[in-house]
Amino acid sequence: MSQTTQSATSVGSPDGGGGLPPRKRFSGDMLFRATATAAGSMVLVIIAAIAIFLLVKAIPAINKDTENFLTYKDWFTDGDQPKFGIAATAFGTVLTAALALLMAVPVALGIALCLSHYAHRRVATALSFIIDLLAAVPSVVFGLWGRDYFYEPIANFSKWLHDVAGWLPIFGSNGPYGKSVLLGSVVLAIMVLPIVTSLSREVFLQTPPENQEAALALGSTKWEMIRTAVIPYGRAGIIASVMLGLGRALGETIALALTLGSVFAVNFDLLGPGGVTIASNIASRFGEANEFGRSALIASGLVLFAITLVVNMAARAIVYRRREFVGGSA
């Protein structure tokens, strides 16, 4: 008995009691934890470095014309009296991204539900591969495709919209029908579609089978089962996928530069002669801009960085509150 007590005391705490053995100074868990912490911290360091770079480079332009920077529509950075502002570019960025999501999200969710709950497994696998491949197409290809092949169909459709519903301000323009907010938004919606579809499909596939079987056992149809069991369970994931699509739409550059044109205006007319976004304006003017012009463009990029950061923080807060609500209700 005494020998057993002594051995238990020797491997335990100094006071006895059969405690756990002393912790090793170095282990694989500690190495993995340190590596994961360093990787997570690196993201914050990179974001801070980007913000500092944009702020430092943008200060000369902001100090030059602080009064008009947020409200002025046009963009003149050459000459002795530069006058520029991000009102039109920020408006065009938000408008085209919102229209693209409005067109893409319902279609993307419908495709995701079809692939996860309606289509045959082989068909769903093939279509999923094609959708994932569509997400890898470069944006310049979408821009050229939209400019060269979507130009005429969108122009005809815009003319029809004006003839039928021209009394609405959003369809009030009587031409020229060509590069327009509608054309850019349609191309942008096609680019956002595979991202939202792929993520939403994976979210829908994660729904517990017990929830679906319980809904069907209560007499629900398949659509009722999806509406009451699948969509509520994946709501946080749907919001996250939409926000990722919105991030892609806000930062898109070349495709919008090829389809929007370069018209600085703040209006909701979708059929007018084009528009401009922050990213497309930077892509169009950065190569030919002087030192002050590049500083002004970087200042507009700082605004786009802030918009994207605020949108993603808001989306993260929504997802977190949704998960907290689900956990609390459970």
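The values are calculated or read from the model by the stated rules, or taken from the named source; none is laboratory data. Quick caveat: nothing in here was measured; it's all calculated off a predicted structure. When we count neighbours, we look across all protein chains shown, and the Cβ atoms used for this are built from the backbone with ideal geometry, even at glycine. Each accessible area value is taken on the protein alone, full model and side chains, heavy atoms only, with ligands, DNA and RNA left out. Shrake-Rupley method; radii C 1.70, N 1.55, O 1.52, S 1.80 Å.
Couple of notes before you dig in:
- Residues in region 115-138 that are surrounded by fewer than 16 Cβ atoms within 10 Å (Cβ to Cβ) and in a helix (DSSP H, G or I): Tyr118, Arg121, Arg122, Val123, Thr125, Ala126, Phe129, Ile130, Asp132, Leu133.
- Counting only residues that are more than 15 Å from Val94 (Cβ to Cβ) and under 23 Å from the mean Cα position of the chain (by Cα), region 275-291 holds 3 of them.
- The residues of region 167-178 that are more than 22 Å from Ala249 (Cα to Cα) and in a helix (DSSP H, G or I), listed by number, are Pro169, Phe171.
- For the residues Val164, Val141, the requirement of being within 17 Å of Thr259 (Cβ to Cβ), in a helix (DSSP H, G or I), open to solvent by 60 Å² or more (accessible area, probe 1.4 Å) and among the β-branched types (Val, Ile, Thr) singles out Val141.
Let's see how each residue does on (1) in contact with a Leu (Cβ under 7 Å, 6 or more places away or on another chain); (2) crowded, with 20+ Cβ neighbours inside 10 Å; (3) assigned to a helix (DSSP H, G or I):
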{"site": "Glu224", "(1), (2), (3)": "no, no, yes"}
{"site": "Phe268", "(1), (2), (3)": "no, no, no"}
{"site": "Gly272", "(1), (2), (3)": "no, yes, no"}
{"site": "Ser300", "(1), (2), (3)": "no, yes, yes"}
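- Boolean, Ser200 is open to solvent by less than 40 Å² (accessible area, probe 1.4 Å), farther than 22 Å from Leu270 by Cα, out of contact with any Phe, Trp or Tyr (no Cβ under 9 Å at 6 or more places or on another chain) and at pLDDT below 85: no
- Yes/no for Ala61 being in a helix (DSSP H, G or I), open to solvent by less than 80 Å² (accessible area, probe 1.4 Å), under 17 Å from Ile278 (Cα atoms) and modelled with pLDDT under 85: yes
- When each of Ala229, Ala249 is tested for being under 20 Å from the mean Cα position of the chain (by Cα) and either charged (D, E, K, R) or buried (at least 17 other Cβ atoms within 10 Å of the Cβ) (or both), the lone residue that passes is Ala249.
- Count of residues meeting criterion [in contact (Cβ under 8 Å) with a residue 24 or more places away in the chain, open to solvent by 40 Å² or more (accessible area, probe 1.4 Å) and not basic (Lys, Arg)] in region 203-222: 2
- Residue within region 93-111 that is outside any helix (DSSP H, G or I), under 30 Å from Lys222 (Cα atoms) and without any contact (Cβ under 8 Å) to a residue 40 or more places away in the chain present: no
- Residues considered: Ile318, Ile307. Of these, the only one that is farther than 22 Å from Val107 by Cα, β-branched (Val, Ile, Thr) and at pLDDT 85 or above is Ile307.
- Annotation: of all residues in region 77-92 being in contact with a helix residue (DSSP H, G or I) (Cβ under 7 Å, 6 or more places away or on another chain) and part of a helix (DSSP H, G or I), the one that is surrounded by the most Cβ atoms within 10 Å (Cβ to Cβ) is Thr89.
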